[in-house]
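Undergrad: I'd like to ask some things about the structure below.
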Amino acid sequence: GGMDWQVLTRELSLYLESQVRVGLFGSGVGLSLVLGFGVAYACYYLSSIAKKPQLVASNKRFCRFLEEYCPVVTETYYPTIWCWEGRVQTLLRPFITSRPQVQYRNELIRTADGGQISLDWFDNNDSLYYPDASTRPTVLLLPGLTGTSKESYILHMIHQSETLGYRCVVFNNRGIAGEDLLTPRTYCAANTEDLEAVIHHIHSLHPSAPFMAAGVSMGGMLLLNYLGKTGRDTPLMAAAIFSAGWNVFESVESLEKPLNWLLFNYYLTTCLQSSISRHRQMLEKLFDMDLVMKARTVREFDKQFTSVMFGYRTIDDYYEDASPCRKLKSVGIPVLCLNSVDDVFSPGHAIPVETAKQNANVALVLTSCGGHIGFLEGIWPRKCTYMDRVFKQFVQAVFEHGNKIFSM
């Protein structure tokens, strides 16, 4: 701005030189350089990195509702000053964030095709605000591609829900959470049958409990595809979506750029392979498993395995069907979608901003930094992320003030 940074740096270095013996730095030059760099970095960070998210929502009432009851989406997001870049945030989050202790109760439910789904319940029976289990608000959580109820981001969402008195259920994708595959079928982002069965099951157990869902990454894509298919015909009151890939063609293309392949794609492919190798005997009946295990990219894996399993003629047909950007116009309940525009799994240019503006039920919150399920903030970002705060405020807003979304 209008301030002369050289003057400021000089003032600072003079002040510090009087505080510190010059001999410590040999001369004032080292100190001036360090200070100059520090001031320049701080200016760059404050002018270019720390920004208010972009809130895309055509519905003025939904906007006002968010501003009042979920104010975090209108506040400046200050990403961790030493790791704000998208790839760095994405890589570091699993290592940095803490893992809150959660005691689950596991339930296996059978599906129409003879398979089974593993649900992990956090009942929150000690809930102070909702001692009556039949009306205790319930959040269904959907983890990412190879994720389970043990992911740190899921544990943090449960931790947030616990303090608010809510019950959570984690929908583990088939064959992922240590349970056996009873049929040669796993899961994909396009097929919503298992999710429909789970939602119906939870709702039938607690028909009087307010009910919403939150999906992360592929879990968010699955949830959006379900909402696009069902419209208003769902027991869910609202949904929160984090780091969803909006257009699968754009996602796989981004992940095939050399650096992204090296950092993410190869690792993700090996995760997918190891998640099915346990079930090799069951899957060998339908697939050339040697070919599947030779895949070096997610696209190759999907071509040999996922698209074949779900009966798609080509991988493009599968990717078309799996892309939530096409279903967004049919979503019939309030959804809040958080994405960072520097997410290599869901590139900024592929976020369906125009489509979102055409649906009164949709609000997009777009940060400039945060990566894929990163959203780290604070100097040492172990505890709470920006994403956790968005989750907590939005879920609480819906459960406590949901009747106001469309009546404001």
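The values are calculated or read from the model by the stated rules, or taken from the named source; none is laboratory data. Treat the numbers as computed from the prediction; the structure is a model and nothing was measured. Cβ atoms come from the backbone with ideal geometry, glycine included; neighbour counts cover every protein chain shown. Side chains included, ligands, DNA and RNA excluded: accessible areas come from the protein's heavy atoms. Shrake-Rupley method; radii C 1.70, N 1.55, O 1.52, S 1.80 Å.
Undergrad: Here are 116, 101, 89: which of them is open to solvent by 50 Å² or more (accessible area, probe 1.4 Å), within 30 Å of residue 268 (Cβ to Cβ) and polar (S, T, N, Q)?
TA: Details: 116 fails: open to solvent by 50 Å² or more (accessible area, probe 1.4 Å); 89 fails: open to solvent by 50 Å² or more (accessible area, probe 1.4 Å).
The unique qualifying residue is 101.
Undergrad: Could you look through the range 192-208, keep only residues that are farther than 12 Å from residue 119 by Cα and either free of Cβ contacts under 8 Å to residues at least 12 places away in the same chain or out of contact with any helix residue (DSSP H, G or I) (no Cβ under 8 Å at 6 or more places or on another chain) (or both), and pick out the one that is most open to solvent (accessible area, probe 1.4 Å)? Before you say what the answer is, go through the steps one by one.
TA: Initial filter on the range 192-208 (farther than 12 Å from residue 119 by Cα): 192-193, 196, 200, 203-208.
Still in the running and either free of Cβ contacts under 8 Å to residues at least 12 places away in the same chain or out of contact with any helix residue (DSSP H, G or I) (no Cβ under 8 Å at 6 or more places or on another chain) (or both): 193, 200, 203-205, 207.
On the way: 193: 99, 200: 131, 203: 65, 204: 71, 205: 87, 207: 84 Å².
Only one residue tops the list, namely 200.
Undergrad: Same structure, new question: Which residues, counting only those in the range 209-226, are touching a helix residue (DSSP H, G or I) at 6+ places or on another chain (Cβ under 8 Å) and hydrophobic (A, V, I, L, M, F, W, C)?
TA: Of everything in the range 209-226, those that are touching a helix residue (DSSP H, G or I) at 6+ places or on another chain (Cβ under 8 Å) and hydrophobic (A, V, I, L, M, F, W, C) turn out to be 209, 211, 212, 213, 214, 216, 221, 222, 223, 224.
Undergrad: For the range 60-81, how many residues meet the condition of being free of Cβ contacts under 8 Å to residues at least 40 places away in the same chain and not in a helix (DSSP H, G or I)?
TA: The total comes to 2.
Undergrad: Could I ask something else about it? I'm trying to understand the selection: among the residues of the range 259-302, which are open to solvent by 70 Å² or more (accessible area, probe 1.4 Å), closer than 22 Å to residue 316 by Cα and in a helix (DSSP H, G or I)?
TA: Within the range 259-302, 261, 266, 291, 294, 299, 300 qualify.
Undergrad: I want to confirm something. Restricting to the range 309-332 and keeping residues that are assigned to a loop (DSSP other than H, G, I, E, B) and over 19 Å from the mean Cα position of the chain (by Cα), which single residue is surrounded by the most Cβ atoms within 10 Å (Cβ to Cβ)? Walk me through it before giving the result.
TA: From the range 309-332, those assigned to a loop (DSSP other than H, G, I, E, B) are 310-314, 323, 327, 331-332; that's our starting set.
Next, from what is left, pick out any that are over 19 Å from the mean Cα position of the chain (by Cα): 310-314, 332.
Details: 310: 18, 311: 9, 312: 20, 313: 8, 314: 10, 332: 15.
In this case the residue turns out to be 312.
Undergrad: Output the residues belonging to the range 33-59 that are closer than 20 Å to residue 353 by Cβ and either open to solvent by 40 Å² or more (accessible area, probe 1.4 Å) or assigned to a strand (DSSP E or B) (or both).
TA: Pass one, the range 33-59, residues closer than 20 Å to residue 353 by Cβ: 51-59.
Scanning the range 33-59 gives 51, 52, 54, 55, 56, 58.
Undergrad: Of the residues in the range 387-408, how many are more than 13 Å from the chain's Cα centre (by Cα), among the aromatic types (Phe, Trp, Tyr) and open to solvent by less than 10 Å² (accessible area, probe 1.4 Å)? Spell out the reasoning first.
TA: Here is the first cut: in the range 387-408, the residues more than 13 Å from the chain's Cα centre (by Cα) are 392-408.
From the residues that got through so far, the ones that are among the aromatic types (Phe, Trp, Tyr) too are 394, 399, 406.
Subset that is open to solvent by less than 10 Å² (accessible area, probe 1.4 Å): 394.
Going through the range 387-408 one residue at a time, the tally reaches 1.
Undergrad: Quick check on the range 96-112: of everything there that is hydrophobic (A, V, I, L, M, F, W, C) and in a loop (DSSP other than H, G, I, E, B), which residue is farthest from the chain's Cα centre (by Cα)?
TA: Let us first name the residues in the range 96-112 that are hydrophobic (A, V, I, L, M, F, W, C), namely 96, 102, 108-109, 112.
With the extra rule that they be in a loop (DSSP other than H, G, I, E, B), the set shrinks to 102, 112.
On the way: 102: 19, 112: 29 Å.
Restricting to residues being hydrophobic (A, V, I, L, M, F, W, C) and in a loop (DSSP other than H, G, I, E, B), the top hit is 112.
Undergrad: I would also like to ask the following. What is the residue count in the range 357-378 for residues that are surrounded by fewer than 22 Cβ atoms within 10 Å (Cβ to Cβ), within 21 Å of residue 52 (Cβ to Cβ) and hydrophobic (A, V, I, L, M, F, W, C)?
TA: 1
Undergrad: Search the range 263-287 for residues that are over 16 Å from residue 310 (Cβ atoms) and pair each with any residue that is of a type in the set (Asp, Glu) and surrounded by fewer than 16 Cβ atoms within 10 Å (Cβ to Cβ) when their beta-carbon atoms are under 7 Å apart and the residues are at least 6 apart or on different chains.
TA: Qualifying pairs under 7 Å: 265/256.
Yes/no matrix, rows are residues, columns are (1) in contact (Cβ under 8 Å) with a residue 60 or more places away in the chain; (2) surrounded by fewer than 24 Cβ atoms within 10 Å (Cβ to Cβ):
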{"position": "145", "(1), (2)": "yes, yes"}
{"position": "150", "(1), (2)": "no, yes"}
{"position": "154", "(1), (2)": "yes, no"}
{"position": "160", "(1), (2)": "yes, yes"}
{"position": "164", "(1), (2)": "yes, yes"}
{"position": "169", "(1), (2)": "no, no"}
{"position": "174", "(1), (2)": "no, yes"}
{"position": "179", "(1), (2)": "yes, yes"}
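Undergrad: For residue 384, are the conditions met, namely being modelled with pLDDT under 95 and under 16 Å from the mean Cα position of the chain (by Cα)? So that I can check it myself, show each step before the final result.
TA: Working: modelled with pLDDT under 95: yes; under 16 Å from the mean Cα position of the chain (by Cα): yes.
Taking the combined requirement at face value, the residue satisfies it.
Undergrad: Continuing with the same structure: Is it the case that residue 91 is part of a strand (DSSP E or B) and either more than 18 Å from residue 370 (Cβ to Cβ) or at pLDDT 90 or above (or both)? Walk me through how you get there before you give the answer.
TA: Working: part of a strand (DSSP E or B): no; either more than 18 Å from residue 370 (Cβ to Cβ) or at pLDDT 90 or above (or both): yes.
No: the conditions fail for residue 91.
Undergrad: Okay, moving on. Filter the range 60-86 down to the residues that are open to solvent by 90 Å² or more (accessible area, probe 1.4 Å) and of a type outside the set (Lys, Arg), then identify the one that is nearest to residue 403 (Cα to Cα). Steps first, please.
TA: If we filter the range 60-86 for residues that are open to solvent by 90 Å² or more (accessible area, probe 1.4 Å), which is where we start, we get 60-61, 64, 67-68, 78, 82.
Right, trim to of a type outside the set (Lys, Arg) and you get 67-68, 78, 82.
On the way: 67: 16, 68: 14, 78: 32, 82: 41 Å.
Filtering first and then ranking leaves 68.
Undergrad: Are any residues in the range 237-250 open to solvent by 10 Å² or more (accessible area, probe 1.4 Å) and either touching an Asp or Glu at 6+ places or on another chain (Cβ under 9 Å) or farther than 17 Å from residue 301 by Cα (or both), and if so, which ones?
TA: Applying the first criterion (open to solvent by 10 Å² or more (accessible area, probe 1.4 Å)) to the range 237-250 yields 237, 247-250.
Result: 237, 247, 248, 249.
Undergrad: Please find, among 355, 306, the residue that is of a type outside the set (A, V, I, L, M, F, W, C), at pLDDT 95 or above, part of a helix (DSSP H, G or I) and not assigned by the TED database to the domain that holds residue 388.
TA: Numbers: 355 fails: not assigned by the TED database to the domain that holds residue 388.
Sole residue among the options that is of a type outside the set (A, V, I, L, M, F, W, C), at pLDDT 95 or above, part of a helix (DSSP H, G or I) and not assigned by the TED database to the domain that holds residue 388: 306.
Undergrad: Can you tell me how many residues in the range 246-275 are of a type in the set (Asp, Glu) and within 19 Å of the chain's Cα centre (by Cα)? Lay out the reasoning, then the answer.
TA: Filtering the range 246-275 for residues of a type in the set (Asp, Glu) gives 250, 253, 256.
Checking the rest, the ones that are also within 19 Å of the chain's Cα centre (by Cα) come to 250.
The total comes to 1.
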